[in-house]
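The values are calculated or read from the model by the stated rules, or taken from the named source; none is laboratory data. A quick note: this is a predicted structure, and the numbers were derived from the prediction, not measured. Cβ sites come from the backbone with ideal geometry, for glycine too, and all protein chains shown count toward neighbours. For accessibility, only protein heavy atoms count, side chains too; no ligands or nucleic acids. Shrake-Rupley method; radii C 1.70, N 1.55, O 1.52, S 1.80 Å.
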Amino acid sequence: MKKIMITGASGLLGRALMSTFTPNFTVLGTAFSRTSPPLHKLDLTDFTALEAFITEHQPDYLIHAAAERKPEVCQAQPEFTQQLNVSLPQKLAQLCHQYRIELFFISTDYVFDGLNPPYAENADTHPLNDYGLSKQQAEQAVLSYPAHNVIRVPVLYGQVEFIEESALTITWAQLQQNKQPAMDNWAIRYPTHVSDIAATLHDMLTKLTPSERGGVFHISDTTAHTKYALACALADAFGDDKTRIIAQDSAVGQAARPKNCQLQDTRLTQKGILYQRDATQGLIDAVRPFVAHS
Ligand SMILES: NC(=O)c1ccc[n+]([C@@H]2O[C@H](COP(=O)([O-])OP(=O)(O)OC[C@H]3O[C@@H](n4cnc5c(N)ncnc54)[C@H](OP(=O)(O)O)[C@@H]3O)[C@@H](O)[C@H]2O)c1
């Protein structure tokens, strides 16, 4: 069996990657603070420990999903963000090249400014916030090695460990905490289930040849939503009063956000690799375990 290392394996995407890859690969998942077995505890910013782990286990592939993904945290903590989101993937790109490991670096639609959607894989990047900028810088390092892959994904949801874990499931908590919750009706998003990202990556490794990989890939659901519309759907599904939800028709958040950075997939669909689902139903299913008496 081929060996795959997955960083950020305790996170929202990492957990889906672990369960999708485990049957057909020897999987080495690493985590930082949530390190229950079978995950390996590894501080990825300790480059000596990182290289020792790689040389000890010698994976064939590495999916790098660990990062700081919250724009406000990246804005408030620039040195931490530089280390985790830029210096680390730069180092990984070099190590993976040195040890002949094919790297899959998870990036974001926030590398785009959201003004001219949809964005093909070769569109120019122009991030609006520090998170997007950190990912753009990391992408450039990864792409300096042609065999490595940059995987851009939009806002994610799935089976969450806590309701605030996804930027979408947190909507349910906000509905519970506020009498008249204001929900973003300005930004257009393409919520994508982490299991669909994991299935796509699995297909990339099992169905594509190495010469068909390398460079930038976009993985995204194709249906547009706003957080306001999704919040209304959650309220309807769980017997809440959606008329108290206020539609916010201008940009929200302290860090700037793109309005619509729809990712156009021009590479994987051509190869017959496409996973789509109804995000409204998917989000309802993800929130259901947190709804009292449902
Ligand atoms: N979530 C989204 O909506 C979204 C959207 C677009 C792109 N992305 C990208 O997708 C990827 C996965 O996101 P996610 O939502 O799954 O992230 P997440 O749930 O926040 O998980 C982050 C992971 O990084 C690990 N980590 C943090 N610092 C570490 C360190 N110093 N050493 C080792 N591991 C460390 C965490 O480990 P512990 O928890 O064990 O400490 C955790 O497993 C990221 O690259 C993110 O930028 C996410």
Task: Distance between modelled label sites at Thr206 and Ser144, nm, 7 Å Cα→Cβ extension - done: 3.5 nm
Open item on the list: Starting from 0.36 nm per residue, how many nanometres of slack lie between Gln174 and Ala247 once their C-alpha separation is accounted for?
Closed with: 24.9 nm
TODO: Assuming R0 = 25 Å, can you tell me the calculated FRET efficiency for the pair Gln83 and Phe162, based on Cβ-Cβ distance, to the nearest 0.05?
DONE: 0.50
TODO: Could you tell me which of Asn178, Phe290, Gln270 has its Cα farthest along the dipole of the chain towards the positive end, charges placed at Cβ (Lys, Arg +1; Asp, Glu -1), taken about the Cα centre?
DONE: Gln270
- [ ] In whole Hz, with x marking every Gly and Pro, tabulate ³J(HN,Hα) for region 270-281 from phi via Karplus 6.51 cos²θ - 1.76 cosθ + 1.60, θ = phi - 60°.
- [x] 4, 8, x, 10, 7, 10, 10, 7, 6, 5, 5, 5
Open item on the list: Whole-Hz ³J(HN,Hα) for each residue in region 54-66, computed from phi via Karplus 6.51 cos²θ - 1.76 cosθ + 1.60 with θ = phi - 60°, x for glycine and proline: what do you get?
Closed with: 5, 6, 5, 9, 6, x, 7, 10, 9, 9, 9, 9, 6
Open item on the list: Greater than 25 Å separation of Cα atoms is the criterion. Which listed pairs, Lys41/Lys227; Lys135/Lys259; Lys91/Lys271, meet it?
Closed with: Lys41/Lys227; Lys91/Lys271
Task: Those residues of region 67-85 whose amide nitrogen sits under 18 Å from the label point placed on Ala49, 7 Å along Cα→Cβ - done: 67-68, 80-81, 83-85
Open item on the list: With +1 assigned to the C-beta of every Lys and Arg and -1 to the C-beta of every Asp and Glu, and no other charges, what is the dipole magnitude of region 101-257 about the Cα centre in debye, to the nearest 20?
Closed with: 180 debye
Open item on the list: List the trypsin sites (Lys or Arg not before Pro) within region 80-184 that DSSP assigns to loop and that have no more than 15 neighbouring Cβ atoms inside 10 Å.
Closed with: Arg100, Lys179
TODO: Name the residues whose placed amide hydrogens come within less than 5 Å of the amide hydrogen of Ile106, ignoring near sequence neighbours (fewer than 5 apart) on the same chain.
DONE: His64, Ile151
Task: Distance between modelled label sites at Tyr275 and Gln254, nm, 7 Å Cα→Cβ extension - done: 3.5 nm
- [ ] Run the quick spin-label model on His57 and Ile188: label points 7 Å from Cα toward the beta carbon, then report their separation in nm to one decimal.
- [x] 4.0 nm
TODO: Return one whole number: the accessible area per residue of the chain in Å², for a 1.4 Å probe.
DONE: 45 Å²
TODO: Kindly state, to the nearest 0.05, the FRET efficiency for Gln98 paired with Thr222, given R0 = 45 Å and r defined as their beta-carbon distance.
DONE: 0.75
Open item on the list: Between helix 194-207 and the chain, what is the angle of the helix's C-alpha long axis to the longest principal axis, kept within 0 to 90° and rounded to the nearest 10?
Closed with: 30 degrees
